[in-house]
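This report refers to the structure that appears directly beneath it.
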Amino acid sequence: MSMDTSMTVGEIEARIGVARERLAVLDNEAQSFALPAVSGDQDAAAALARINAEVRQVTADVAVLDRARISAAQQRRDADEAAQASYRASHIEYAQDRAAAIVRVATRVDDLVAELKAAFTELSSVEREIWIALREANAPPSDAVVGRKSLGNFAIASLTAFTNGTDRFGQTRAVADVAAKAWAHLLTNDDETDA
């Protein structure tokens, strides 16, 4: 019996099934020749001897096929484990790449936060300077307009709206627009085009 080394477990099990069916047929044939052979019928004895020889051969073939099935199943498990290990390794490699990327992005965020802190401090300082100058000029505005006080908090609220998802469509007003409108009465035409 020659066997292809690339046979699957299913193919081997199919061959085992065929061999076992053959054994059942041979057992029935042997049964029909047993009594005549014992009774001295030489043709029945010869037929029974051929059947017994074939039973031994088919039984040996089943044993070989069973070992081959075990080997093929182990090879399949090994191949599956290797494929799974490769799959996991590729995802670990991707996750490692993304971890390096997130650190780079986080570094940019840290830089932006530092810049935002500096800008927030400067915004608050300039706002105080405007109010001091207006008080010194005895000309504080009499109306309340968004952006004349705590413009930095407006900027933080704008950022918070983005981060918590309440500004889903980017509808928050730009801080510069709010500042320009709040202090429009103090801005010259050149200042408005710079803003």
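Out of all the residues in the stretch 64-80, is one or more among the small types (Gly, Ala, Ser), out of contact with any Leu (no Cβ under 8 Å at 6 or more places or on another chain) and either open to solvent by 70 Å² or more (accessible area, probe 1.4 Å) or over 24 Å from Met7 (Cα atoms) (or both)? Looking through the stretch 64-80, none of the residues is among the small types (Gly, Ala, Ser), out of contact with any Leu (no Cβ under 8 Å at 6 or more places or on another chain) and either open to solvent by 70 Å² or more (accessible area, probe 1.4 Å) or over 24 Å from Met7 (Cα atoms) (or both). Residues considered: Thr107, Thr160, Thr172. Of these, the only one that is modelled with pLDDT of 95 or more, among the hydroxyl-bearing types (Ser, Thr, Tyr) and open to solvent by less than 100 Å² (accessible area, probe 1.4 Å) is Thr107.
Is one or more of the residues making up the stretch 119-140 assigned to a loop (DSSP other than H, G, I, E, B), surrounded by 10 or more Cβ atoms within 10 Å (Cβ to Cβ), over 44 Å from the mean Cα position of the chain (by Cα) and not polar (S, T, N, Q)? Checked the stretch 119-140: at least one residue is assigned to a loop (DSSP other than H, G, I, E, B), surrounded by 10 or more Cβ atoms within 10 Å (Cβ to Cβ), over 44 Å from the mean Cα position of the chain (by Cα) and not polar (S, T, N, Q). Note on the stretch 28-52: residues that are loosely packed, with under 12 Cβ neighbours inside 10 Å and within 60 Å of the chain's Cα centre (by Cα) total 1. Residues in the stretch 147-169 that are within 30 Å of the chain's Cα centre (by Cα) and assigned to a loop (DSSP other than H, G, I, E, B): Asn164, Gly165, Thr166, Asp167, Arg168, Phe169. Restricting the stretch 32-72 to residues that are part of a helix (DSSP H, G or I) and of a type in the set (Ser, Thr, Tyr), the residue that is farthest from Val9 (Cα to Cα) is Ser32.
Would you mind stating whether Ser150 is of a type in the set (S, T, N, Q), closer than 17 Å to Lys181 by Cα and exposed (fewer than 10 other Cβ atoms within 10 Å of the Cβ)? Taking the combined requirement at face value, the residue does not satisfy it. Can you name the number of the only condition in (1) at pLDDT 90 or above; (2) part of a loop (DSSP other than H, G, I, E, B); (3) among the aliphatic types (A, V, I, L, M) that Ala144 fails? Against the list (1) at pLDDT 90 or above; (2) part of a loop (DSSP other than H, G, I, E, B); (3) among the aliphatic types (A, V, I, L, M), Ala144 comes up short only on (1).
The values are calculated or read from the model by the stated rules, or taken from the named source; none is laboratory data. Computed from a prediction, not measured in an experiment: that's the story for all the values here. Glycine gets a Cβ as well: all are built from the backbone with ideal geometry, and neighbour counts include every protein chain shown. Each accessible area value is taken on the protein alone, full model and side chains, heavy atoms only, with ligands, DNA and RNA left out. Shrake-Rupley method; radii C 1.70, N 1.55, O 1.52, S 1.80 Å.
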